[in-house]
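To start, the structure itself, in structure tokens.
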Amino acid sequence: MPPTVWSARRGASHEDAAERDEEQRLRELGYRPVLARRMGGFGNFAISFSVISILSGCMTLYGFGMATGGPAVMLWGWAGVGLFVLFVGMALAEVTSAYPTSGALYYMADRLGGRRWGWYTGWLNLLGLLGAIAGIDYGAALFTGAFLNLQWGFEPTPGSTMLIFCCILLLHALLNLFGVRLVSVLNSISVWWHLAGVALIVVVLAVVPDHHKSPSYVFTTFVNDTGWSNPFYVAAIGLLLAQYTFCGYDASAHLSEETSNASVSAARGIVRSIWVSWAAGFVLLAGLTFAIQDYAGAQNSATGVPPAQILLDAIGSGGATALLLVVIVAQLFCGNAEVAAASRMVFAFSRDNALPGSALWRKVSSRTQTPVPAVWLSVAVPFVLALPSLYSETAYGAVTAINVIGITPAYAIPILLRLRAGDRFQRGPWHLGRWSRPVGWVAVTWVALVTVLFCLPQESPITVNSMNYAVIALAAVLLLASVWWYVARRSYGVPDTSAYGSDREQAEIAEGIV
């Protein structure tokens, strides 16, 4: 037999064996495999990279960053936040390797801490994922309005932006109904689109404009248009740009039941998506900031999108329109990946009877092996979350904060419980070794800090329009979770397994649940 044929067969055999091992591992964790395992390691990395989407987060909140600290906070904040998020990602990846399920964060919390820990982690994770879809797709709608303004003189209004937003949500729902293979292909394309897009934008902005800001301006200029007088408070609020962008890397964990060799691939996907985004995002922010021609003019742009005005001032309407289209396509990739991740979370949470109407949301199409009802719910709730944007200019900032304060604590809870479990925690094949505890404690401390930080008001004076409604959204979801707990607690629960039964029992005794 020719060596190439033997190698190919041996490779296929190895892949089949690895897939069987992952299916067996899923059964050991208590679940029957029903989703199609058609995503490879690159595809798993690609979905988290697409959800982080530097061309979505950095560009969408750039105007927010211009007012809350300006260039210095945007650049140095990105560098600092990215480092701490890498700690969070590494600690979370270690736990993901041990529990590669679609439930991801809440399943980890349940296994390591007990039913209540899993319940509240799941609700926070769900809030964050749905808030992320609202933030991403509404941001894409804003940029689409700016593109139409440059191309055809279209005047963006809250109503027209909401209509564009609805169309984008519908597009993402339809794309996700075709199955995970299409999602994986789109995410793989998304990686190269993002990297090439950043390179194109930075090179064009470096070469075309006659005038650039100086390095001292880019790295030291502080701007405060918030109404608050304390510069440290303003700089802290300005970190939202980076922290909002660095959200969603749990997508690799949520797609683990559809990933080959998930115990390793999902963990690697989380970490790789963070450090690649960290490097590329810094280059993008620097390139955009160096190219600013009129700071105040960009902030008050008729397009409603400061980065669009920066491009317009720097390279003219033709080039600005082309680059804006690059950004919009990247944002559409991002939103599509987030809908995939959120729908798997809805599916998994319903599989364990945690949501009202769970029997509906956990249904899977026999043809595409896709959780169809969960996909539709994952676009319906973001539409409701974004509705206040029709009446309040600051509502979009609140939606992005909802994403951060919902999903970021959900990252830390499994890490904290893993630290508390000590030697009871059974590591997966991807782990941090002796660095596990120090990395974990840095991650938990950072998450506690930013959770408090983004509940604070972002503008002064505090009015109905300027209030940070993320606090209300967080309180509402915790109240809903608490009320529903007493309704559904008898039916809710991740499967008890012989391999982890003793750990679960000890966790519940420690929490006073049993």
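The values are calculated or read from the model by the stated rules, or taken from the named source; none is laboratory data. These figures come from a predicted structure and were not determined experimentally. Because the Cβ atoms are built from the backbone with ideal geometry, glycine has one as well, and the counts that use them run over all protein chains shown. Note: areas computed on protein heavy atoms with side chains; ligands, DNA, RNA excluded. Shrake-Rupley method; radii C 1.70, N 1.55, O 1.52, S 1.80 Å.
What separates the Cα centres of segment 87-155 and segment 215-257 is a distance of 17 Å. Kirkwood radius and radius of gyration were both taken over the C-alpha atoms of segment 22-80, and their ratio Rg/Rh is 1.29. Have a look at 463, 61, 130 and report the one farthest towards the positive end of the charge dipole of the chain, computed about the Cα centre with Cβ charges (Lys/Arg +1, Asp/Glu -1). Of the options given, the answer is 130. Protection proxy ranking, highest mean first, for peptides 383-390, 190-197: 190-197, 383-390, where packing is the per-residue count of other beta-carbon atoms within 10 Å, averaged. So if we plug the beta-carbon distance of residue 152 and residue 456 into 1/(1 + (r/R0)^6) with R0 = 35 Å, what FRET efficiency do we get, rounded to 0.05? E(calc), rounded to 0.05, equals 0.30. Taking max minus min of the alpha-carbon positions on each principal axis, the chain gives extents of 66, 63, 44 Å, largest first.
Within the chain, which DSSP H helices have Cα atoms that stretch 18 Å or more along the helix axis and a mean Kyte-Doolittle hydropathy of at least 1.0?
Working: long enough: 3-28 (37 Å, -1.68); 70-98 (41 Å, 1.52); 115-152 (55 Å, 0.54); 158-176 (27 Å, 1.74); 180-207 (40 Å, 1.98); 262-290 (42 Å, 1.30); 306-351 (52 Å, 1.17); 372-386 (22 Å, 2.13); 395-421 (40 Å, 1.21); 436-453 (26 Å, 1.44); 470-488 (26 Å, 2.28).
Span-like helices in the chain: 70-98, 158-176, 180-207, 262-290, 306-351, 372-386, 395-421, 436-453, 470-488.
For segment 269-410, the extents of the C-alpha atoms along the principal axes are 55, 38, 32 Å, listed from largest to smallest. Taking all Cα pairs closer than 8 Å and separated by 6 or more residues, the relative contact order of the chain comes to 32 percent.
Add -39500 (n - 2.57) for each DSSP H run of 4 or more in the chain, then divide by its residues: what number comes out at 222 nm, to the nearest 500 deg cm²/dmol?
Calculated at 222 nm, the ellipticity per residue is -24000 deg cm²/dmol.
Based on Cα contacts under 8 Å between residues 6+ apart, segment 257-386 shows a relative contact order of 12 percent.
With +1 on each Lys and Arg Cβ and -1 on each Asp and Glu Cβ, and nothing else charged, work out how big the dipole of the chain is about its Cα centre, in Debye to the nearest 20.
Values: 29 positive and 28 negative charges, 281 e Å.
So the magnitude is around 1360 debye.
A dipole drawn for the chain from +1 and -1 charges on Cβ atoms has a positive end, and of 479, 433, 187 the residue lying farthest that way is 433. Taking packing as the residue-averaged number of other Cβ atoms within 10 angstrom, the listed peptides 69-79, 243-253 run from highest to lowest as 243-253, 69-79.
Please report the carbon-and-sulfur percent of the accessible area for the chain; probe 1.4 Å, protein heavy atoms only, DNA, RNA and ligands left out.
On the way: 12480 of 19180 Å².
After summing per-atom areas, the C and S share lands at 65 percent.
Solvent-accessible surface of segment 249-380, averaged per residue with a 1.4 angstrom probe and all protein chains in place: 27 square angstrom. Farthest toward the positive end of the dipole of segment 381-464, out of 389, 412, 450, is the Cα of 412, where the dipole comes from beta carbon charges about the Cα centre.
Calculation over all alpha carbon pairs of segment 205-273 in 10 angstrom steps from 0 returns a P(r) of 16, 24, 22, 23, 15, 1 percent.
Computed on segment 90-197, with alpha-carbon pairs under 8 angstrom and 6+ residues apart, the relative contact order is 13 percent. Placing +1 on each Lys and Arg Cβ and -1 on each Asp and Glu Cβ, with no other charges, gives segment 265-356 a dipole about its Cα centre of roughly 420 debye.
Take 266-272, 223-229, 153-159 and order them by the average number of nearby Cβ atoms within 10 Å per residue, most first; the result is 266-272, 223-229, 153-159.
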